[in-house]
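No value in this document is a laboratory result; all are computed from the given coordinates. A quick note: this is a predicted structure, and the numbers were derived from the prediction, not measured. Cβ atoms come from the backbone with ideal geometry, glycine included; neighbour counts cover every protein chain shown.
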Amino acid sequence: MTVPRREWRGQESAAIVTPHEVFGWRVHRHILPAGTSMVVVSARSVARSAAPNRALYVRGRGVVTNSFGGQFDDRVPGLFTGERPDHPKGTTTVTAAEELEFWCFNWHANRGALPALTPLRFPQGGVFHGNEGDRILVCAGSLGRHEPGNTFRVSGVELAAAPGTYALVIGGERA
C-alpha cells in the first residue's frame, strides 16, 4: 500500500463515466461537460509515480487551478498524467472549458495496482508500427479497423491512424 494513494481522493463531479475492462484491468472513460468541474483533494504533494490515477486526455480542454489560486496548466488532447510533474498538496479543480474526454486507470478500482502504460498519439494521423504482442486500447480516433473502446494485440502489421487518434499500450495482463 502506498500512503499517498490513499490520501488522494476525487470528489463527485458531473462527469459521465463509462467503465471498461481491458486485458483484466479496469479503465473508465470520463466525459466532463463544458462548464462543469471535477475536484481532487490531496493531503500532501504526491510523486507522480505514487499517484492513484493514470489518465490520457483525448478531446476538449480543461483549465486547472489549485488551492493556492494558481492556474498551472490545461488538460488537452494527448496529455498523459504519467508524464506530468508531481501532484501538489491541496485542492485541484479541473473545469471543462470545452467538453473534456479522458480515459483513466485508477489504483483503487484495480485493487491496489496499475498497469504500465505508454501513450500513443496521432493528432495529425499517421501509421502505427507496434511491437508484436503489444496490448493496445484505442481511446479516440481509430487504428486500422479498431475504434474507441476496442482492444487488440499487435500482430506485426502497420495500421493507419486517423487524425485525432489516441491510444494506450498496456504493459501486461491482469489475472
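Could you work out how much longer the chain between Ala34 and Val157 gets when fully extended? Use 0.36 nm per residue separation minus the Cα distance between them, nm to one decimal.
On the way: separation 123, 0.36 × 123 = 44.28 nm, distance 3.84 nm.
40.4 nm is the gain from fully extending Ala34 to Val157.
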Counting only residues 5 or more places away or on other chains, whose amide H sits under 5 Å from the amide H of Ala97 once H atoms are built in the peptide plane?
-> Gly35, Arg61, Gly62, Val63
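Taking 8 Å as the Cα distance limit and 6 or more residues as the minimum spacing, I'd like the relative contact order of the range 3-106 as a percentage.
On the way: 265 pairs, mean separation 37.7, N = 104.
Averaging sequence separation for qualifying contacts and normalising by length gives 36 percent for the range 3-106.
Let me check I've understood the local charge: for Pro77, count other residues with C-beta under 10 angstrom from its C-beta, Lys and Arg +1, Asp and Glu -1. What total comes out?
Details: positive: Arg59, Arg61, Arg75, Arg121; negative: Glu101.
Residues near Pro77 contribute +3 overall.
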